[in-house]
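Participant: One structure, as structure tokens, below. Some questions next.
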Protein chains: 2
Amino acid sequence: MPESARRAGGVPDATVGRLPLYLRALTSLHDRGVTSISSGELASLAGVRSTQLRKDLSHLGTYGVRGVGYEVELLAAQIAQELGLTQEWPVVIVGMGNLGRALASYGGFSDRGFRIVALVDDDPDVVGTDVEGLIVTTLDELEDSGPTVAIGVVATPSPAAQQVAERLVGMGVRSILNFAPGYLSLPEGVDVRGVDLGTELQILAFHEQRRLLAPSTHDPLRGDAEKEAMG
Amino acid sequence: MPESARRAGGVPDATVGRLPLYLRALTSLHDRGVTSISSGELASLAGVRSTQLRKDLSHLGTYGVRGVGYEVELLAAQIAQELGLTQEWPVVIVGMGNLGRALASYGGFSDRGFRIVALVDDDPDVVGTDVEGLIVTTLDELEDSGPTVAIGVVATPSPAAQQVAERLVGMGVRSILNFAPGYLSLPEGVDVRGVDLGTELQILAFHEQRRLLAPSTHDPLRGDAEKEAMG
DNA sequence: AACTGTGAAACTTTTCACAGCG
DNA sequence: CGCTGTGAAAAGTTTCACAGTT
């Protein structure tokens with residue numbers, strides 16, 4: 001499909017990737033009682049340039065007031081709406097190792113938009129135990145008689161990840177967040193995002209090495225901070 | 001070949017972000033005894049298109065054999081070299097909660113290019129205990145008399161992250177991997193990468209919602225799988 | 001014949017410059 | 001005036017088409 005259709009809303013991917021950043025900053029401002037903010041300040045809090053923030057927001061509609069700025073609560077609601085956080089998405093975490101437990105106890109879930117509805121492991125010693133108020137179950141049981149799940153989080157060892165993901169897809173899951181290193185080959189239409197510690201470290205190592213090899217060249221590196229001074 | 005084929009600054013960021021993917025696939029192939037592979041097959045294993053793989057590799061130089069493919073070991077060595085993994089980078093993990101422990105026990109570290117040289121927490125009950133063969137220490141002690149550190153991993157609660165990062169930078173760390181939600185404001189030249197579960201889930205939620213709202217439009221979604229069929 | 005390497009084209013994302021509104 | 005919203009330019013990235021090599 002070579003044609004880049006104007007989907008409803010037409011929000012570019014790069015923008016979608018930054019909306020959670022803005023929302024986080026806005027939530028924090030709201031908690032501190034701030035009711036209004038300019039693009040420059042909000043951009044600063046999110047670590048982007050103000051023009052980029054404004055361009056991003058322009059894709060959602062026009063919610064600012066010229067000469068003034070944005071109303072924190074309104075903008076937050078608008079972004080939450082765009083991201084689909086007005087409803088609660090049921091999440092399952094598969095793999096109750098160190099990482100799975102860390103994810104299960106991560107506050108950001110219940111916080112907004114997500115609810116963990118099942119925890120899964122295949123170790124008989126772990127199945128049936130209580131983790132963060134939920135009883136760990138098996139994939140078999142989840143397939144047979146578990147709750148509906150929209151998003152699957154894979155926190156198993158790498159070798160199991162592909163198979164686990166396939167079973168999740170079999171259950172109707174079409175959004176997967178994969179913490180196991182390695183590529184998941186899944187049917188088209190399934191959305192996979194991978195988070196891998198090794199990958200992130202290697203990217204840092206690349207820049208680190210670059211700095212050591214060419215210390216003279218003062219080079220604007222990717223991912224560096226402070227684009228715009230804060231007010 | 002033009003003289004610019006491998007100038008020091010010549011590797012695009014997008015390419016750098018994919019090199020770890022290729023390296024992982026190559027390492028796995030090597031472990032299975034495969035000695036040679038074509039761009040199409042390797043691309044398939046990494047989840048990218050073959051032209052993209054070849055373009056990416058072309059930035060490192062020309063290590064393939066026309067009509068044949070790539071020698072697995074040579075290409076892996078070349079990518080490792082480019083990423084700076086021929087030396088070992090000393091890493092500190094700050095924050096020994098669930099996540100910090102998960103990271104400390106993640107195999108991928110010692111595996112290649114990274115060595116955890118210190119684990120840090122501020123809870124007196126945790127300081128002094130043994131985690132994965134290392135004694136947990138404090139930031140104070142690390143500043144005073146700790147080993148040199150190149151990369152800092154921040155796995156503290158959000159409110160502490162900014163201050164921890166500043167202290168790491170004060171110790172000379174210029175590469176930080178931040179698992180705490182929120183933007184870190186640090187001096188220019190410091191390279192920060194953030195990994196946030198909430199952000200990733202929200203991006204998935206966006207696509208999930210889009211699917212529900214426009215189920216008719218079969219839409220090439222970001223992050224979907226299967227670009228090229230495998231042999 | 002099979003597969004790599006690469007210029008050029010197509011597309012995406014960021015930045016600039018400034019019009020427009022409160 | 002101060003700040004948003006946005007077309008247009010610039011920069012970056014992906015894909016195409018095919019020349020080149022073994």
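Participant: Using a label point 7 Å beyond Cα on the Cα-Cβ vector, give me the inter-copy distances for A:GLY10 in nanometres, one decimal, shortest first.
Facilitator: Spacings between copies for this position, smallest first, are 3.9 nm.
Participant: From the Cα gyration tensor of the range B:20-147, with a ≥ b ≥ c the square roots of its eigenvalues, which class applies: rounded if a/c is under 1.5, or else prolate if a/b is larger than b/c, or else oblate?
Facilitator: Working: a/c = 3.39, a/b = 2.83, b/c = 1.20.
Cα axes put the range B:20-147 in the prolate bin.
Participant: For the pair B:ALA214 and B:LEU74, how long in nm is the line joining their label points, each one 7 Å along Cα→Cβ?
Facilitator: Spacing of the two 7 Å Cα→Cβ label points: 4.7 nm.
Participant: Assigning unit charges at the beta carbon (Lys, Arg +1; Asp, Glu -1) and nothing else, what dipole magnitude in debye, to the nearest 20, does the protein assembly as shown show about its Cα centre?
Facilitator: Values: 38 positive and 60 negative charges, 405 e Å.
For this selection, approximately 1940 debye.
Participant: To the nearest 20 debye, what charge dipole does chain B have about its Cα centre, counting +1 at the Cβ of each Lys and Arg and -1 at the Cβ of each Asp and Glu?
Facilitator: Working: 19 positive and 30 negative charges, 251 e Å.
That gives a dipole near 1200 debye.
Participant: How far apart, in nm, are the 7 Å Cα→Cβ label points at B:ASP123 and A:SER105?
Facilitator: Once both label points are built, they end up 0.6 nm from each other.
Participant: Another one. List the distances, in nm and shortest first, from the label point of B:ASP122 to the matching label points in every other copy, placing each point 7 Å from Cα along the Cα-to-Cβ direction.
Facilitator: Computed spacing set for this position: 4.1 nm.
Participant: Next question, about the same structure. Based on the Cβ-Cβ distance from A:ALA14 to A:SER36, what FRET efficiency comes out when R0 is 30 Å, to the nearest 0.05?
Facilitator: It comes out at approximately 0.70.
Participant: While we're here: Could you check the simple spin-label distance between B:SER58 and A:THR148, using points 7 Å along Cα→Cβ, in nm with one decimal?
Facilitator: 4.8
Participant: Please give the Cα centre distance for the range B:9-49 versus the range A:101-145, rounded to the nearest Å.
Facilitator: When both Cα centres are located, 34 Å separates them.
Participant: Something else: Tell me the mean residue ellipticity at 222 nm calculated for the protein assembly as shown from its helices only (DSSP H runs of n ≥ 4, each -39500 (n - 2.57), averaged over every residue, nearest 500).
Facilitator: On the way: 18 runs with 192 residues, N = 462.
Calculated from helices alone, the mean residue ellipticity at 222 nm is -12500 deg cm²/dmol.
Participant: Additional query: Between 0 and 90 degrees, rounded to the nearest ten: what's the tilt of helix B:158-170 against the longest Cα principal axis of chain B?
Facilitator: Once rounded, the angle reads 90 degrees.
Participant: Taking a quarter of the surface of the convex hull around the Cα atoms of the protein assembly as shown, what do you get in nm²?
Facilitator: On the way: hull surface 98.1 nm².
Over every viewing direction, the Cα hull of the protein assembly as shown projects on average to 24.5 nm².
Participant: Follow-up. Give me the extension gain from A:ALA160 to A:VAL65: residue separation times 0.36 nm, minus the current Cα-Cα distance, reported in nm with one decimal.
Facilitator: Numbers: separation 95, 0.36 × 95 = 34.20 nm, distance 5.13 nm.
Result for the pair: 29.1 nm of gain on full extension.
Participant: So, one more: Among B:ILE135, B:LEU60, B:VAL153, whose Cα sits farthest toward the positive end of the charge dipole of the protein assembly as shown (+1 at Cβ of Lys/Arg, -1 at Cβ of Asp/Glu, about the Cα centre)?
Facilitator: B:LEU60
Participant: Could you pull the copy-to-copy label distances for B:GLN163, with points set 7 Å along Cα to Cβ, in nm to one decimal and sorted shortest first?
Facilitator: Spacings between copies for this position, smallest first, are 4.7 nm.
Participant: Report, to one decimal in Å, the Kirkwood hydrodynamic radius for the range B:3-81 based on all distinct Cα pairs. Intermediate values should be presented prior to the final figure.
Facilitator: Numbers: mean 1/r = 0.0798 Å⁻¹.
Computed over the range B:3-81, the radius equals 12.5 Å.
Participant: Report, to the nearest 10°, how far helix B:197-213 tilts away from the longest principal axis of the Cα atoms in chain B, using its own Cα long axis and a range of 0 to 90°.
Facilitator: Tilt of helix B:197-213: around 40 degrees.
Readers should treat all values here as calculations from the given coordinates under stated rules, not as data from a laboratory. Source: prediction; values computed, not measured. Cβ atoms come from the backbone with ideal geometry, glycine included; neighbour counts cover every protein chain shown.
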